[in-house]
Amino acid sequence: FVSDTLKRAAGERAAALVTDGMKLGLGSGSTAAHFVAALGERVREGLQVVGVPTSEATREQAEREGIPLTTLDETPELDLTIDGADEIDEDLRLIKGGGGAHLREKIVASASRRMIVIADGSKRVQTLGRFPLPIEVVPFGLRATEIAITKLVESLGLEGELRLRKAADGSTYVTDGGHYILDAHLGRIDKPNVLASTLNNIPGVVEHGLFIGLATGAILATGEGLVELGQ
Ligand code: DER
């Protein structure tokens, strides 16, 4: 199975779960893009929904698909967010942010009653952390923030290198929110809840990619078929 086939299967299954009148969070990344495409098809067949996009890329795709869009200011309480993940563990804790959208994704997910993660089965891990943890930071004082994060990581018995994310042209990547991303190559994160709750205490840290207690379900596509967890 090609990974894209698996991602499409998960996205289409998620789109089938959407019902008329739902207020949706529309995730970002290549798997979420399959969901948005499948949702667009159902909207063109008459499905009545509104969606809050979690990135400019998803906004553009949803507009092309003809999905009615809204904002969290107009629609602050959502029924369901469908989004991808870079890693997912047994407790539905996630690492997200590979695509640089985790700030808006986390705001939208936390405004949703339910969040279902869609991913190919390779994203499932026992312990989070093999995927570098994205940490969104304010450009002002970057070096000081880096030092503060390093000290925190070491105080938790973790070690790892922080790398400033670059754009394709080699310049420093800038998020939709105008911030930078430091990717923390930690290898494994034994106590993600502790790291998640302490990272945000660092003044220059805007948001990180650990999603704890946000996902209520998952649809994982494997070569043997779809595995559905939670709801
Ligand atoms: O950046 C993100 O949070 C994306 O959702 C990412 O985690 C998953 O992207 P993918 O579906 O392209 O693997």
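Could you give the length gained by full extension between LYS166 and GLU60, i.e. 0.36 nm per residue of separation minus their alpha carbon distance, to one decimal place? It would help to have the intermediate numbers written out before the result.
On the way: separation 106, 0.36 × 106 = 38.16 nm, distance 2.28 nm.
Stretched out fully, the LYS166 to GLU60 stretch lengthens by 35.9 nm.
Note the angle between two axes, namely the Cα long axis of helix 3-16 and the longest principal axis of the Cα atoms of the chain, as a number of degrees from 0 to 90, rounded to the nearest 10.
Helix 3-16 sits at roughly 60 degrees to that axis.
Enter the angle in degrees (range 0 to 90, nearest 10) between the Cα long axis of helix 142-155 and the first principal axis of the Cα atoms of the chain, meaning the one along which they spread out most.
Approximately 80 degrees, to the nearest 10.
Taking a quarter of the surface of the convex hull around the Cα atoms of the chain, what do you get in nm²? Don't skip to the end; give the middle numbers.
Numbers: hull surface 49.7 nm².
It is 12.4 nm².
With a ≥ b ≥ c the root eigenvalues of the C-alpha gyration tensor of the stretch 96-213, is it rounded (a/c under 1.5), prolate (a/b larger than b/c) or oblate?
It comes out rounded by the Cα gyration axes.
Quick one: what Rg and Dmax do you get for the stretch 3-121 from the alpha carbons, in Å?
Just the Cα atoms of the stretch 3-121 yield Rg and Dmax of 12.8, 37 Å.
Looking at the square roots a ≥ b ≥ c of the eigenvalues of the Cα gyration tensor of the stretch 22-82, which shape do they give, rounded for a/c under 1.5, prolate if a/b is larger than b/c, or oblate?
On the way: a/c = 1.56, a/b = 1.14, b/c = 1.37.
Verdict is oblate for the stretch 22-82.
Quick one: accessible area per residue over the chain, 1.4 Å probe, rounded to a whole number of Å²? Don't skip to the end; give the middle numbers.
Working: 10500 Å² over 231 residues.
Ligands and nucleic acids excluded, the result is 45 Å² per residue.
Nearest 500 deg cm²/dmol is fine: what mean residue ellipticity at 222 nm does the chain get from its DSSP H runs of n ≥ 4 alone, each adding -39,500 (n - 2.57), divided by its residue count? Show your work: numbers first, answer last.
Working: 6 runs with 70 residues, N = 231.
Calculated from helices alone, the mean residue ellipticity at 222 nm is -9500 deg cm²/dmol.
Quick one: check the C-alpha center-to-center distance for the stretch 38-63 versus the stretch 173-208, whole angstrom.
29
With the full set of protein chains in place, find how many percent of the accessible area of the stretch 36-96 is carbon and sulfur; take the probe as 1.4 Å.
Values: 1120 of 2670 Å².
Carbon with sulfur: 42 percent of the solvent-accessible area.
Do any of LYS96/LYS151; LYS106/LYS166; LYS23/LYS123; LYS7/LYS151 go past 30 Å between their Cα atoms, and which? Don't jump to the answer; show the numbers that get you there.
Numbers: LYS96/LYS151 23 Å; LYS106/LYS166 22 Å; LYS23/LYS123 27 Å; LYS7/LYS151 37 Å.
Violating the 30 Å Cα-Cα cut-off are LYS7/LYS151.
Contour minus end-to-end for LEU156 and ARG188, with contour as 0.36 nm per residue of separation and end-to-end as the Cα-Cα distance? Please list the in-between numbers first.
Working: separation 32, 0.36 × 32 = 11.52 nm, distance 1.19 nm.
Taking 0.36 nm per residue and subtracting the Cα distance, the gain is 10.3 nm.
How about the stretch 116-218: which chymotrypsin sites (Phe, Trp or Tyr not before Pro) there lie in a loop by DSSP and see at most 11 other Cβ atoms within 10 Å? All intermediate terms of the calculation are to be shown ahead of the outcome.
Details: sites: PHE140, TYR173, TYR180, PHE211; in loops: PHE140, TYR173.
Answer by residue number: PHE140.
Rounded, prolate or oblate: which one fits the stretch 80-120, using the alpha carbon gyration tensor with axes a ≥ b ≥ c (rounded when a/c is under 1.5, else prolate when a/b beats b/c, else oblate)?
Working: a/c = 1.73, a/b = 1.13, b/c = 1.53.
Oblate shape, in that a/c is at least 1.5 and b/c is the bigger or equal ratio.
The values are calculated or read from the model by the stated rules, or taken from the named source; none is laboratory data. Since we're looking at a predicted model, the values are computed, not measured. Ideal geometry is used to build each Cβ from the backbone, glycine not excepted, and the neighbour counts take in all protein chains shown. We work out accessible area using only protein heavy atoms, side chains counted, and drop any ligands, DNA or RNA first. Shrake-Rupley method; radii C 1.70, N 1.55, O 1.52, S 1.80 Å.
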